[in-house]
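Only the coordinates and a few stated rules stand behind these numbers; no lab work does. None of these values were measured; they are calculated from a predicted model. Cβ placement follows ideal geometry from the backbone for every residue including glycine, while neighbour counts extend to all protein chains displayed.
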Amino acid sequence: MAAVAAASGPVKEVLPPSLNSSSEPPALFDGTTRLYISYICPYAQRPWIVRNFKGVQEKIKLVPIDLQNRPDWYKEKIYPGNKVPALEHNNEVKGESLDLIKFIDETFEGPKLLPDDPAKRQFAEELFSYTDNFNIVNFKALPALGDIGEELVAAFNKLEDALSKFDDGLFFLGQFSLVDIAYAPFVERFQYSLTELKNYDITKGRPKLALWIEELNKIDAYTDTVQDPKKLLTAAKKRLGIA
């Protein structure tokens, strides 16, 4: 964990306010690398964690966007997809969170977040491919009536099994990696939401998942991105149509 501490740095970043429809745009395409995020978006949290872990806060400027009151210039001048995250770098704008975490890891200095081991890289790709299915199962379960279904139980069992793949550490690939970053923002939200809405403890009977969450919360690069879970749940309930 020494590398984790070194990468995260001792000084907590002062986060800028979110930009909304009345905000002026930044000086676009002036050579500054900007990561456009929303503080409440789990997809945007992924590249934000990578940025922090690699220690390149000074090289990648955070630009938070208010998703409930988006500025028109964001879609018109920066990212036609009008969603976050997006990365402005070398006069280009890239999107899609899984692509961005790989790009930031490959492009910028700092600790590498994918191992060289071919077996681990192959398993990483398998877990990246599963993230959307995992999230869909959870997003469907939250507003559904009744008890937790078998599909959701199987989804968390799959994570528990994946955490048993390698025995040289407590994370998915042994050591902390992009795979952990891909899942962390969503597990964080689902753990709280399922407890509050379904009285379901995702860690019960899953000791490796419980330990994984415990270890995640020792990493400043991650915890510095964590928001108030009550506010996140309120936003999720509104988006999912939960009373």
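Quick notes on this one:
- In order through segment 161-166: 3J(HN,Hα) via Karplus (6.51 cos²θ - 1.76 cosθ + 1.60), integer Hz, x for Gly, Pro: 5, 5, 6, 9, 5, 10
- Among [x] 51, 45, 31; [y] 62, 39, 38; [z] 62, 45, 31, the entry that matches Cα extents along the principal axes in Å as calculated here: [x]
- Above-threshold pairs, the threshold being 28 Å between Cα atoms, out of LYS204/LYS231; LYS112/LYS231; LYS59/LYS230; LYS61/LYS231: LYS112/LYS231; LYS59/LYS230
- In summary, the lysines within cross-link reach of LYS208, defined as a Cα separation below 20 angstrom excluding same-chain residues under 8 places away, comprise LYS120, LYS158, LYS165, LYS218.
- Taking Lys and Arg as +1 and Asp and Glu as -1, the other residues whose beta-carbon sits under 14 Å from that of LEU232 total +3.
- Measuring nothing but how far apart in sequence close Cα pairs (under 8 Å, 6+ apart) lie, relative to its length, segment 41-195 scores a relative contact order of 25 percent.
- Counted charge near GLU109, where neighbours are those whose Cβ lies closer than 14 Å (Asp, Glu -1; Lys, Arg +1): +1
- For ILE136, ILE37, order by how many other beta-carbon atoms lie within 10 Å, fewest first: ILE136, ILE37
- When only alpha carbons are used to place a centre, segment 116-181 and segment 194-211 end up 14 Å from one another.
- Net charge of neighbours whose Cβ lies under 14 Å from the Cβ of ALA27, counting Lys and Arg as +1 and Asp and Glu as -1: 0
- Each peptide among 187-198, 113-124 gets the average number of other Cβ atoms lying within 10 Å of its residues, and from highest to lowest they stand as 187-198, 113-124.
- Each peptide among 235-242, 76-83 gets the average number of other Cβ atoms lying within 10 Å of its residues, and from highest to lowest they stand as 76-83, 235-242.
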